[in-house]
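Participant: Would you mind keeping the following structure in view while I ask a few things?
The values are calculated or read from the model by the stated rules, or taken from the named source; none is laboratory data. Quantities reported herein were computed from a predicted structural model and do not represent experimental measurements. Note: ideal-geometry Cβ built from the backbone for every residue, glycine included; neighbour counts use all protein chains shown.
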Amino acid sequence: MLGAPGVGKGTQAALLSNHLHACHLSTGDVFRAAKSADQCHLSPAMAQALIAMRRGELVADATVLQIVKERTACLSCRGGFILDGFPRTLEQARALQDILQEQHVKLDATLDYEMPLAEVVSRLSGRRTCGTCKAVYHVQTHPPKVRDICDLCGNALIQREDDKPQAVAVRMETYQRSTAPLIDFYAKLGLLVQIKATGSPEEIMQRSMTQLESR
Ligand code: AP5
């Protein structure tokens, strides 16, 4: 999956993986899980990764590739796999080609979710995440039943550190510079599928499924 920060990749990945019984690998989720783990056991590379993430910068390619390689079992999932937030640089995209070849699997499509920037920023600034079960809400479009409390597990909702305005600006700029070039990369491979990311999550999922089925 490609698309600017906050465009709704995680929301779509959850819906699609449920629908297709596919494995969902989100590199952002892996880093956030490391953040809540025991800080004494973080490797120096992971500690650096968390600093970069907090600022809205990309984690070093070598660190990202290491965590993806540790999870290649995901690529053999019987329902297929969805890569969310990876690759994000040309170097990662080229390394992914090698990993896929080694694992004897291939990509069916690269879904590129598109939406006007102002709407993306509003999705990011209104996002709230459960600190415990990681469910995702939005203060306007998908509020919890009780303010700041997770419907699913009853624990507190938090705003991600990288959803604060300064980090959002860095993330958007980084996306344009490092990740947007992947649109061309996948178009040249004949894998690019562009999807309008406006409308309800279910409408967008339906749009994605229609595109996938037509391939
Ligand atoms: P990551 O977690 O991948 O963040 P991101 O790409 O910035 O994407 P987000 O999770 O912010 O947004 P999303 O598109 O998933 O939107 P969501 O569905 O939540 O990465 C975080 C950081 O980790 C990076 O900045 C980097 O530091 C590091 N990192 C990760 N992978 C890396 C890599 N490969 N290389 C280097 N560094 C890496 O939706 C957003 C909000 O909108 C929610 O509130 C949701 O409820 C709402 N919403 C969603 N869909 C709709 C809809 N249709 N209508 C209305 N509201 C909606």
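Participant: Would you mind telling me which numbered condition in (1) of a type outside the set (S, T, Y); (2) within 8 Å of the ligand (Cβ to nearest atom); (3) more than 20 Å from Y113 (Cβ to Cβ) R71 fails?
Facilitator: The failed condition is (2).
Participant: Residues L96, L20: which one is more than 13 Å from the ligand (Cβ to nearest atom) and not charged (D, E, K, R)?
Facilitator: L20
Participant: Hey, another quick one. In segment 95-117, is there at least one residue being buried (at least 19 other Cβ atoms within 10 Å of the Cβ) and touching a His at 6+ places or on another chain (Cβ under 8 Å)?
Facilitator: Within segment 95-117, none of the residues are buried (at least 19 other Cβ atoms within 10 Å of the Cβ) and touching a His at 6+ places or on another chain (Cβ under 8 Å).
Participant: Counting only residues that are touching a residue at least 60 places away in the same chain (Cβ under 8 Å) and touching a helix residue (DSSP H, G or I) at 6+ places or on another chain (Cβ under 9 Å), how many does segment 192-215 have?
Facilitator: Qualifying residue count, segment 192-215: 14.
Participant: In segment 74-93, which residue that is touching a Lys or Arg at 6+ places or on another chain (Cβ under 9 Å) and in a loop (DSSP other than H, G, I, E, B) is nearest to the ligand (Cβ to nearest atom)?
Facilitator: Of everything passing the filter in segment 74-93, G85 is nearest to the ligand (Cβ to nearest atom).
Participant: When you scan segment 151-168, do you find a residue that is at pLDDT 95 or above, of a type in the set (D, E, K, R), near the ligand (Cβ under 10 Å from one of its atoms) and under 19 Å from the mean Cα position of the chain (by Cα), even just one?
Facilitator: No, the conditions are met nowhere in segment 151-168.
Participant: Scanning segment 173-215 for residues that are of a type in the set (V, I, T) and surrounded by 12 or more Cβ atoms within 10 Å (Cβ to Cβ), which turns out nearest to T89 (Cα to Cα)? Full working, then the answer.
Facilitator: Step one: of segment 173-215, the residues of a type in the set (V, I, T) are 174, 179, 183, 193, 195, 198, 204, 210.
After this cut, where a residue has to be surrounded by 12 or more Cβ atoms within 10 Å (Cβ to Cβ) as well, the list is 174, 179, 183, 193, 195, 198, 204.
Numbers: T174: 10, T179: 5, I183: 11, V193: 18, I195: 20, T198: 25, I204: 25 Å.
Checked segment 173-215; the qualifying residue nearest to T89 (Cα to Cα) is T179.
Participant: Give the residues of segment 114-149 that are in contact with a Lys or Arg (Cβ under 9 Å, 6 or more places away or on another chain), in a loop (DSSP other than H, G, I, E, B) and either of a type outside the set (D, E, K, R) or near the ligand (Cβ under 9 Å from one of its atoms) (or both), sorted by residue number.
Facilitator: M115, V139, T141, P143, P144
Participant: Right, another one. So A62 ticks every box in (1) near the ligand (Cβ under 8 Å from one of its atoms); (2) assigned to a helix (DSSP H, G or I) but one. Which box is left unticked?
Facilitator: (1)
Participant: If you scan segment 1-51, which residues turn out to be hydroxyl-bearing (S, T, Y) and surrounded by fewer than 19 Cβ atoms within 10 Å (Cβ to Cβ)?
Facilitator: The initial filter retains those residues of segment 1-51 that are hydroxyl-bearing (S, T, Y), namely 11, 17, 26-27, 36, 43.
Hits for segment 1-51 are S36, S43.
Participant: Six or more apart or on different chains, Cβ atoms under 6 Å: show the pairs whose first residue is in segment 91-102 and in contact (Cβ under 8 Å) with a residue 24 or more places away in the chain and whose second is outside any helix (DSSP H, G or I).
Facilitator: That search, which allows pairs on different chains as well, returns A93/P87; L96/P87; L100/K106.
Participant: Only residues in segment 110-128 that are closer than 15 Å to L2 by Cα count as the first member; pair them with residues that are among the β-branched types (V, I, T) and more than 9 Å from the ligand (Cβ to nearest atom), Cβ under 8 angstrom, at least 6 apart or cross-chain, and list the lot.
Facilitator: Final answer for the pair search is T110/V193; L111/V193; L111/I195; D112/I183; D112/V193; D112/I195; Y113/I195; E114/I195.
Participant: Suppose we keep only residues that are closer than 18 Å to G8 by Cα and among the acidic types (D, E) within segment 126-172. Which one would you say is surrounded by the fewest Cβ atoms within 10 Å (Cβ to Cβ)?
Facilitator: Out of the qualifying residues, it is E161.
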